[in-house]
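Here's the structure we're looking at; comments come further down.
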Amino acid sequence: MQPGYPPPQGYQGHPQGYPGYPGYPPPKKSNTGLIVTLCLVGVLLLGGLGVGAYFLIDSNSSSSRSAPISAPSSAAGPPDRFTKVPGCTDVESRVSGLPEKMSDETKDLGTSDPDVTMNGHSCLWDSGESPIRVELSIHLSTSLPGKSGAGAAAASRYYDTMAGQGTPGGSADVPGADKATRTSFNTDECSVHVLIGNAYIGATYYADADASISTSTCESDVLKVATAAAESL
């Protein structure tokens, strides 16, 4: 038997590590799986948050779409006090001493106000033989549906316009009126303007120049006509 070769000096067999690979430490454990797992979890979380946000926004959006939108409300005011214009016969039955009636007209007055309709009645008492003539106008402003208070507001504006004409004569005492005032254009004529609710009343008394009717009589007589018209409403 041939003698064997002695191992190289310092050789002590395989060192610790994998067999056959002397001197190399064992490889480190790979983190690839952990990284992939964390990425997947992150993707799932972001996806979940996105879906949740979508449904939340969509829910809020649907709620706002389904919620009723309130229409702008108009300024509400008192309802119309009157709905019917009295006729001339209703008025003259309450006043004595009027001349014979000449005209009795119902009128659709028309208006540019989009919130009301206006209609009225005009009366004229003038026999042609009497030294006096009496005119009466009753205008009714009726609020359109959903426009409560518009009638009274329109009547008030009309009153201000009519009462602003002529020479002011001070206030007039008409029971139940919101406003009442006297005006005149000359010594032979006197008028009373009345605002009551959604109605305007204008009464004018004319006297012939040679009738010798005093201003106080003129004012007293026209006030009776205006008061009778107000009571007829």
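The values are calculated or read from the model by the stated rules, or taken from the named source; none is laboratory data. Fair warning: this is a prediction, and the values are worked out from it, not measured in the lab. Please note: Cβ atoms are built from the backbone with ideal geometry, for glycine as well, and neighbour counts cover all protein chains shown. When the accessible area is computed, the model is the full protein with side chains, heavy atoms only, and any ligands, DNA or RNA have been set aside. Shrake-Rupley method; radii C 1.70, N 1.55, O 1.52, S 1.80 Å.
Taking all Cα pairs closer than 8 Å and separated by 6 or more residues, the relative contact order of the stretch 106-176 comes to 23 percent.
Of the GluC sites (Glu not before Pro) found in the stretch 143-233, none is in coil by DSSP with at most 14 other Cβ atoms within 10 Å of its Cβ.
Length available on full extension from A211 to S127: 0.36 nm per residue minus the Cα-Cα distance, which gives 28.8 nm.
A DSSP coil position with no more than 15 other Cβ atoms inside 10 Å describes the following GluC sites (Glu not before Pro) in the stretch 85-129: E100, E129. Across the alpha-carbon set of the stretch 96-209, the Rg to Rh ratio works out to 1.01, Rh being the Kirkwood radius. For the pair S96 and T161, label points projected 7 Å from Cα toward Cβ lie 3.9 nm apart. With the simple model of a label 7 Å out from the Cα in the direction of the Cβ, L144 to D173 spans 4.2 nm. Rolling a 1.4 Å probe across the protein heavy atoms gives the stretch 111-233 an accessible surface of 43 Å² per residue. Within the assembled protein chains, the solvent-accessible surface assigned to C88 is about 0 Å², based on a 1.4 Å probe.
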